[in-house]
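The values are calculated or read from the model by the stated rules, or taken from the named source; none is laboratory data. As the structure is a computational prediction, the values presented were derived from the model and not from experiment. All Cβ positions, glycine included, derive from the backbone under ideal geometry; neighbour counts span all protein chains shown.
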Amino acid sequence: MAELKREFYDTLKEWKRTKGAECLLVKGARQVGKTFIVEKFARENYGNAVTLNFISNPELVSVFDGSLDADRIYAGLTAVLPQVRIVPGDTLLFLDEIQECPNARTAMKFLAQDGRCDVVASGSLLGIKYKRRKDRQPKSVPVGFERQVTMHSLSFREYLWAKGWDDERIDVLRPYFERREKVPEAVNETFHRLLREYAVVGGMPEVVSGFVDEPHFGDVQRAQEKLVASCIDDIHKYAEAPEVQKIEQCYRAIPRILAKENKKFKYSEVDKSGSARKYLASVEWLRDAALASFAECVEAPLPGLSAYVREGWFKLYLSDVGLLCSLYGMLVKRQILDGTLAGSLKGGVYENLVAGVLERNGFPLRYHSKDGGRLEMEFLVESADGVVPVEVKAKTGATLSLDKLLADPSIPFGYKLTGGNVGVVGKKVTLPHYMAMFLRPAR
């Protein structure tokens, strides 16, 4: 299958350059490519690499039993794997699927202090409750010796790389974004078509690699259905018994809720007697397992958005837009590809798509709702200029909520993302959906 270039590689290089006495913990959903990219990084940046996978080699857990002194760990490692050699200063130790060995998570502090190896750990289900098994919880977390980063499925830019586009061809769009000028129509239509394709294929590496090798949408659907089944299996395998059914119900409710006009997550959409008391822990499990992304409701569009979060109000998006589309089926996918999908379902697909872009670019997901939902803005982001509203329109048309927000002098400008071209009217900047990839947080 095609080897995929990942932006996360630069995150690993930056950690190596600046780490000091820090290990790296790579979090993220299963099968987003964490193992592949860390092992590639190890091969290309170290003379020696040692991978411990605690799922495929459960006997390695015993290396971290007892004392967590670095000398004892390295000696124990060579007892279990006699072929392993540690080359001080030129070895990357990769602790893969570390959620299966909590003592290894605790040991990261002592390995960082020792400094013999650089240490990267990876885990998919960190922070969730494991069927009340205390042996799944680390005795302590190596605060001060652990840098945490999250890896997602492929971004739109990474998808374009996989399709053979290089940065020079992609960034031909940037001047149009920066100068707020219309993109030549042929170029605009090409990128809209590619974005629609990305919405259908998504960013799961297995799916993208297969599609690049053989562009067959039926194969894409089958691969995505297998991945969704794997997500459900993880819920049944790892969640606490009383929560399993409720977590699955919440997961399956997300596409249904996103297809509605009001996309706020409502427990009553899971079941008629639903409540926060019954389902909040299930929603949090999906978030912590990286199966869903959580967007908080903000009551006031003011700097310091986290201070204005409305407790109990949120939206949920699936962590990969392609998996969302797979749950709607092939007819919806065909309509997305040919641009004929209509109604609130189209709005849900594009909102999930933009949520994924913003999250991968480093924005916390937040939306604004006021006056009982009569004024609602899909996303609020903080820039160097202030709070910027981002409206996602499935089609061209009126933007009443955005217009009301832009009447506030404290709002510098706002983005309206559409299926059209670039345009500016007053403080309203209209952008094609695909230009969301150029939105970046203030640094």
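Taking segment 389-436 and the strands (runs of 3 or more DSSP E) fully enclosed by it, no element has 1 or more residues that are over 24 Å from Arg179 (Cβ atoms). The condition (being modelled with pLDDT of 95 or more, surrounded by fewer than 20 Cβ atoms within 10 Å (Cβ to Cβ) and either not charged (D, E, K, R) or not assigned by TED's automatic domain parsing to the domain that holds Tyr267 (or both)) is satisfied by just one residue among Leu331, Leu375: Leu331.
Residues that are within 20 Å of the chain's Cα centre (by Cα), surrounded by fewer than 24 Cβ atoms within 10 Å (Cβ to Cβ) and assigned to a strand (DSSP E or B) within segment 296-315 comprise Glu296, Cys297, Phe314, listed in sequence order. The requirement of being part of a strand (DSSP E or B), in contact (Cβ under 8 Å) with a residue 24 or more places away in the chain, among the aliphatic types (A, V, I, L, M) and surrounded by fewer than 18 Cβ atoms within 10 Å (Cβ to Cβ) is fulfilled nowhere in segment 335-356; no residue meets it.
Candidates in segment 243-280 are the residues that are without any contact (Cβ under 8 Å) to a residue 60 or more places away in the chain and among the small types (Gly, Ala, Ser); of these, the one that is farthest from Asn352 (Cα to Cα) is Ser273.
Could you please tell me which pairs satisfy a Cβ distance under 7 Å, a separation of 6+ or placement on different chains, a first residue in segment 40-52 that is free of Cβ contacts under 8 Å to residues at least 24 places away in the same chain, and a second residue that is not in a helix (DSSP H, G or I) and not basic (Lys, Arg)? What qualifies is Arg43/Ala49.
Looking across segment 357-372, the residues that are out of contact with any Leu (no Cβ under 8 Å at 6 or more places or on another chain) and in contact (Cβ under 8 Å) with a residue 60 or more places away in the chain come down to Arg360, Gly362, Lys370.
Taking the criterion of being touching a Gly at 6+ places or on another chain (Cβ under 7 Å) and crowded, with 17+ Cβ neighbours inside 10 Å, the residues of segment 393-410 that qualify are Ala394, Leu402, Leu405, Leu406.
What is the number of the single condition among (1) outside any helix (DSSP H, G or I); (2) under 23 Å from the mean Cα position of the chain (by Cα); (3) more than 28 Å from Val201 (Cβ to Cβ) that Ala290 does not meet? So the condition that Ala290 fails would be (3).
When we screen Gly274, Gly203 for residues that are modelled with pLDDT under 95, crowded, with 17+ Cβ neighbours inside 10 Å, part of a loop (DSSP other than H, G, I, E, B) and in the same structural domain as Ser319 (by TED's automatic domain parsing), the only hit is Gly274.
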